[in-house]
C-alpha cells in the first residue's frame, strides 16, 4: 500500500490534507473561473495569469506527495472534464507489489489549450502554444506549437 510506505504522509497535517481536498472539490464544481483558479493556487499549484479552467477539472494526486506538482503557465485554456494525473497507482491491490506508483509533475506551458475530456498522464509537459484535442490521452510530452489528438495522443 503506497500510502503506508510514503514517508511524507505522516508529516502533512490533517488540516493540510483536508484543505487540499476541499479546494480540489472547489476546482471541480464551482461555477466561477476566478474561484477555480484561486482554489488551484490554494492546493499549492503554480497558476499563471489569465488562465481559464473549465468545470469538472480532476487533479488526481496523493495529497501528501511532494513530488506531485502542477505548473500552469499564462493564458492557458483548460476545457471541461479534463483529468490531470499527477500520480497513478493500484491503491491497495496486490499489484502494488509488482508495479511501482508513478508520481510526477505536469507542466502546461504558456498559451496552450487543453480540449474537453482530455487526460494528461504524470510527467508530461504540454509545450507553449500547443493544442490537445478533445478526448485525447496524452502519454508523452507535446512540443511547442503542436496539435495532438487521439488515444494515445499523436501529432496531427
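Taking the criterion of being at pLDDT 80 or above, within 21 Å of residue 138 (Cβ to Cβ) and outside any strand (DSSP E or B), the residues of the stretch 75-99 that qualify are 75, 76, 79, 80, 81, 82, 86, 99.
When the stretch 130-156 is filtered for residues that are at pLDDT 95 or above and farther than 19 Å from residue 54 by Cβ, the ones remaining, listed by number, are 139, 140, 141, 143, 144, 145, 146, 150, 151, 152, 154, 155. Being over 20 Å from residue 54 (Cβ atoms) and surrounded by 18 or more Cβ atoms within 10 Å (Cβ to Cβ) is a property that does not hold for residue 105. Scanning the stretch 108-125 for residues that are closer than 21 Å to residue 151 by Cα, buried (at least 19 other Cβ atoms within 10 Å of the Cβ) and either more than 14 Å from the chain's Cα centre (by Cα) or touching a residue at least 24 places away in the same chain (Cβ under 8 Å) (or both) returns 108, 112, 113, 114, 115, 118, 119, 120, 121, 122.
Could you list, in sequence order, the residues of the stretch 100-116 that are at pLDDT 80 or above and assigned to a loop (DSSP other than H, G, I, E, B)? Lay out the reasoning, then the answer.
Looking only at the stretch 100-116, we keep the residues that are at pLDDT 80 or above, and these are 100, 102-116.
Within the stretch 100-116, 100, 104, 109, 110, 111, 112, 115, 116 meet the criteria.
Within the stretch 1-28, residues that are more than 16 Å from residue 43 (Cα to Cα) sit with their Cβ atoms under 8 Å from residues that are modelled with pLDDT of 50 or more and in a helix (DSSP H, G or I), at 6+ positions apart or across chains, in these pairs: 1/96; 2/96.
So for the stretch 38-53 (the condition being under 26 Å from residue 155 (Cβ atoms), modelled with pLDDT of 95 or more and part of a strand (DSSP E or B)), does at least one residue qualify? First the steps, then the outcome.
Filtering the stretch 38-53 for residues under 26 Å from residue 155 (Cβ atoms) gives 48, 51-53.
In the following step, the residues that additionally are modelled with pLDDT of 95 or more were identified as 48, 51-53.
So of that shortlist, the ones also part of a strand (DSSP E or B) come out as 52-53.
Checked the stretch 38-53: at least one residue is under 26 Å from residue 155 (Cβ atoms), modelled with pLDDT of 95 or more and part of a strand (DSSP E or B).
The values are calculated or read from the model by the stated rules, or taken from the named source; none is laboratory data. The model shown is predicted, which means the values in this text are computed figures rather than measured ones. A quick note on method: Cβ atoms are made from the backbone with ideal geometry, for glycine too, and the neighbour counts reach across all protein chains shown.
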